[in-house]
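Scroll down for the structure; my scribbles are underneath it.
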Amino acid sequence: MSSHLFQPIRLRGLTLDNRIMVSPMCQYSAVDGCATDWHLMHLGQFAVSGAGLVMVEMTDVEPRGRITPYCLGLYSDANEQALKRVVDFCKRHGHARIGIQLAHAGRKASTLPPWEGRRLLRPEEGGWEPVAPSAVASGAGAAVPRALTLDEIGQIRDAFVSATQRAARIGFDAIELHCAHGYLLHQFLSPLSNHRTDRYGGSLENRMRFPLEVFAAMRAAWPEDKPLGVRVSATDWAEGGWSLPDTLAFARALKALGCDWIDVSSGGLVKNQVIETYPGYQVPFAEAVRQATGLTTIAIGMITEPRHAEAIVAHGQADMVALARGMLYDPRWAWHAAAELGATVYYPNQYLRCRPWVRHDTFAEREAARAEEFHLPAVFKQPE
Ligand SMILES: Cc1cc2nc3c(=O)[nH]c(=O)nc-3n(C[C@H](O)[C@H](O)[C@H](O)COP(=O)(O)O)c2cc1C
């Protein structure tokens with residue numbers, strides 16, 4: 001029986017080879033928002049990995065929307081040029097389709113990278129003032145952001161549109177709008193971070209307004225045949241916070257605006273979240289979104305085993321799976337999964353000879369394969 005995970009999938013005008021996505025992963029390795037050689041290596045390896053879609057890390061639409069001074073951005077011509085070099089490289093050498101996750105960190109901005117402790121950056125260290133829907137910190141020790149004015153909210157929406165236009169010029173195949181993990185758009189959605197009393201706060205409808213406006217404006221600026229999806233946090237894992245029923249309402253509203261997928265994660269908004277994690281712990285949220293809306297869904301979170309990924313797709317819990325840490329650990333994950341599931345997967349020509357079905361155990365098998373590969377006569381002897 002053929003693998004479900006390795007069936008192609010169509011997202012608008014884009015067809016992916018299979019249902020495996022390399023999840024977006026911040027690298028904190030940019031200079032003034034510009035991609036570097038690190039990105040060439042990091043994304044280049046995934047472009048030849050056999051995964052259907054590689055999603056470039058959270059890329060911020062304005063400088064103050066960066067988590068750290070080393071985050072990727074798409075707000076300047078220099079950013080666009082640097083990222084185009086990486087995307088051209090990936091497309092020249094690889095086969096995966098390349099998407100970009102566009103974002104704004106909001107109140108989670110202006111910190112040091114994880115390996116330097118994530119602490120807040122002071123102004124004298126190059127830090128800046130984080131902005132958010134309301135002047136509410138995510139917990140003890142976190143920055144108290146400045147509440148955005150209505151004018152600034154409009155400017156940030158325009159920054160998302162401008163980054164979308166840059167992504168189109170670069171030649172990205174897809175965009176994922178980041179509405180998860182406690183960043184700006186999630187901060188608008190959740191009642192724990194949004195205490196506004198204007199049309200952007202209060203009721204669920206009002207809290208969803210800004211993310212939906214951003215999505216609609218991006219959709220209008222993005223080529224009609226290219227897909228645009230959204231990553232959500234299905235729940236805040238905290239009392240009084242954003243929850244699964246809210247996510248379903250949000251997903252329905254996004255569907256009406258032409259959303260092509262929902263990538264279902266969770267948490268990240270408040271420090272007092274309580275999460276019990278285990279393999280596939282977020283999959284039921286993806287399944288609920290899929291059942292309620294019929295939208296293409298992507299499951300993410302502690303999925304590392306090929307047979308687990310296969311079962312998620314085969315049982316209709318999600319249409320695709322994304323892997324983050326598992327891909328860092330094993331960038332050849334898709335090759336290994338294909339071998340385990342008996343599926344075929346892309347290999348670059350230069351690496352064809354390492355395919356497991358080419359690496360035969362016996363001399364005779366190896367020589368037969370060699371003869372086939374190099375068009376030699378298939379006559380040889382087993383050595384004494
Ligand atoms: C190094 C690293 C960087 C990450 N950066 C992002 C990011 O840019 N955007 C995002 O939505 N999630 C980000 N995440 C979360 C992952 O995409 C993923 O949702 C999470 O790690 C759970 O999946 P996993 O169990 O396969 O690692 C990051 C995770 C890691 C490990």
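Read-outs throughout are calculated quantities, based only on the coordinates presented, and are distinct from any laboratory measurement. Computed from a predicted model, the values in this text were never measured in an experiment. Using ideal geometry, Cβ is built from the backbone for each residue, glycine included, and neighbour counts are taken over all protein chains shown.
A helix-only calculation puts the chain at -10500 deg cm²/dmol for mean residue ellipticity at 222 nm, using -39500 (n - 2.57) for each DSSP H run of at least four residues, averaged over all residues.
Can you give the extra length, in nm with one decimal, that the chain gains between residue 135 and residue 272 once fully stretched, where that is 0.36 nm per residue apart less the Cα-Cα distance?
Values: separation 137, 0.36 × 137 = 49.32 nm, distance 1.78 nm.
Additional length available on full extension: 47.5 nm.
Spin-label model, residue 353/residue 150: points 7 Å from Cα along the beta carbon direction are separated by 6.9 nm. Each residue, residue 2 and residue 216, gets one label point 7 Å from its Cα in the Cβ direction; the gap between the two is 4.1 nm.
Taking packing as the residue-averaged number of other Cβ atoms within 10 angstrom, the listed peptides 27-36, 109-118 run from highest to lowest as 27-36, 109-118.
To the nearest 20 debye, what is the magnitude of the charge dipole of region 86-242 about its Cα centre, counting +1 on the Cβ of each Lys and Arg and -1 on the Cβ of each Asp and Glu? Here region 86-242 has a charge dipole of around 240 debye. The Cα-based radius of gyration and maximum Cα-Cα distance (Dmax) for the chain are 22.2, 86 Å. Model label points for residue 119 and residue 31, set 7 angstrom from Cα along the Cα-to-Cβ axis, are 2.7 nm apart.
Axis of helix 37-47 versus longest Cα principal axis of the chain: the two differ by about 60°, to the nearest ten degrees.
About the Cα centre, and with charges only on the beta carbon of Lys, Arg (+1) and Asp, Glu (-1), how big is the dipole of region 9-346? Nearest 20 debye, please.
Values: 33 positive and 35 negative charges, 41 e Å.
So the magnitude is around 200 debye.
With the dipole of region 9-346 worked out from charges on the C-beta (+1 for Lys and Arg, -1 for Asp and Glu) around the Cα centre, which of 172, 104, 24 lies farthest toward the positive end? Farthest towards the positive pole: 172. Relative to the longest principal axis of the Cα atoms of the chain, helix 363-373 runs at roughly 70 degrees. In the chain, taking the dipole from charged Cβ atoms about the Cα centre, the farthest positive-side position among 74, 210, 323 is held by 210.
Close Lys pairs in the chain, defined as Cα atoms under 30 Å apart and 8 or more places apart or on different chains, number 9.
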